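Asks: Here it is, the structure in full.
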Amino acid sequence: MFKTVGPLEVIVILVIILLVFGVGRIGKLGGELGKGIRAFKDGLQGKSSEDQDPEENNDSKDDPS
């Protein structure tokens, strides 16, 4: 049924996703996905959030810019 997915099909799918979610929402989803993947990898290596430097755990709320 589906032999291959060509570049045109990928572009159409990406445009549909962009229309449904919007640019801002996709950026937030990507950021959350990256944080989740990083937490998963750290969990596999036995790291926890307490093992990291406190400077790495700063939220952007403290950043005045």
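The values are calculated or read from the model by the stated rules, or taken from the named source; none is laboratory data. No experiment lies behind these values; they were computed from the predicted model shown. Backbone-built Cβ (ideal geometry, glycine too); neighbour counts: all protein chains shown.
Asks: Identify, by number, the condition in (1) modelled with pLDDT under 90; (2) assigned to a helix (DSSP H, G or I); (3) not hydroxyl-bearing (S, T, Y) that D51 doesn't meet.
Replies: If we test D51 against (1) modelled with pLDDT under 90; (2) assigned to a helix (DSSP H, G or I); (3) not hydroxyl-bearing (S, T, Y), just (2) comes out false.
Asks: Against the definition (modelled with pLDDT under 60, out of contact with any helix residue (DSSP H, G or I) (no Cβ under 6 Å at 6 or more places or on another chain) and among the charged types (D, E, K, R)), how does D42 come out, yes or no?
Replies: Against the criterion (modelled with pLDDT under 60, out of contact with any helix residue (DSSP H, G or I) (no Cβ under 6 Å at 6 or more places or on another chain) and among the charged types (D, E, K, R)), D42 does not qualify.
Asks: I need the full set of residues from region 1-40 which are part of a helix (DSSP H, G or I) and small (G, A, S), in order please.
Replies: Passing the criteria: G24, G27, G30, G31, G34, G36, A39.
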